[in-house]
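In what follows, a structure is listed as structure tokens, so that the remarks can point back to it.
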Amino acid sequence: SRVMATPPCRISWVHQTTTRFPFDDHSVDVTGAFSVFTHIEHEDSYLYLKDAMRVIKPRGRFVFSCLPMNLKLAHDVFLGEATHDHKGRWRKVRNVTTSIELMTDIARLAGWNVLRWYAGDQPNIKLPDREEWHALGQSTCVLEAP
């Protein structure tokens, strides 16, 4: 395998604690949110995607992961959350399950085109220097700006 000393592009890792991106309008080619929508309400996912649309360049991409209820893992997470009352769920890190249909609708409402979903329980990931493919656990969606 070949290792590059410097990437052919600029990469920024941002620890974001709001639904507002700290970037200029139309200044980003690709961004993502892994396990972010698993811990926020659907309305906040919408606001997050709306602001991502603001910063992304035309035909730019957004990749996110979530826990749709068609995954067994999501059933386990949902049933675990249901053991707590409303206040108890919010006293700890919140785990939110969803559906592919709902997240697709939210993304479209925010202005995105949905390109593809990757099932979280299917081996879709090839790790460097490994022969076998792996499942992420959460499903992943690729969006494109118009």
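Filtered by the rule that a residue be over 29 Å from R116 (Cβ atoms) and assigned to a helix (DSSP H, G or I), the stretch 81-100 gives H86, K87, G88, R89, W90.
G111 falls short on exactly one of the conditions (1) outside any helix (DSSP H, G or I); (2) free of Cβ contacts under 8 Å to residues at least 60 places away in the same chain; (3) out of contact with any Asp or Glu (no Cβ under 6 Å at 6 or more places or on another chain); (4) within 23 Å of L49 (Cα to Cα), and that condition is (2). Tally the residues that are on the phi > 0 side of the Ramachandran plot, surrounded by 11 or more Cβ atoms within 10 Å (Cβ to Cβ) and out of contact with any helix residue (DSSP H, G or I) (no Cβ under 9 Å at 6 or more places or on another chain), restricting the search to the stretch 114-146. Final tally of qualifying residues: 0. Checking each residue in the stretch 69-97 for being over 20 Å from L136 (Cα atoms), surrounded by 15 or more Cβ atoms within 10 Å (Cβ to Cβ) and at pLDDT 95 or above picks out only E81.
Among the residues of the stretch 28-43, the ones that are in contact with a helix residue (DSSP H, G or I) (Cβ under 6 Å, 6 or more places away or on another chain) and surrounded by fewer than 13 Cβ atoms within 10 Å (Cβ to Cβ) come to 0 in all. Annotation note: Cβ proximity below 9 Å between a residue of the stretch 36-51 that is within 12 Å of I106 (Cα to Cα) and a residue that is open to solvent by 50 Å² or more (accessible area, probe 1.4 Å) and assigned to a helix (DSSP H, G or I) (sequence gap 6+ or interchain) occurs for F37/D44; H42/L102; Y46/L109; L49/L109; K50/L109.
Tell me, yes or no, whether the stretch 45-60 has at least one residue that is in a loop (DSSP other than H, G, I, E, B), open to solvent by 90 Å² or more (accessible area, probe 1.4 Å), out of contact with any helix residue (DSSP H, G or I) (no Cβ under 7 Å at 6 or more places or on another chain) and not charged (D, E, K, R). The answer is no; no qualifying residue exists. On the stretch given as the stretch 98-113, residues that are β-branched (V, I, T) and open to solvent by 40 Å² or more (accessible area, probe 1.4 Å) total 1.
The values are calculated or read from the model by the stated rules, or taken from the named source; none is laboratory data. If you're wondering where the values come from, they're calculated on a predicted model, not measured in any experiment. In this analysis, Cβ positions are derived from the backbone assuming ideal geometry, glycine residues included, and neighbour counts consider all displayed protein chains. We work out accessible area using only protein heavy atoms, side chains counted, and drop any ligands, DNA or RNA first. Shrake-Rupley method; radii C 1.70, N 1.55, O 1.52, S 1.80 Å.
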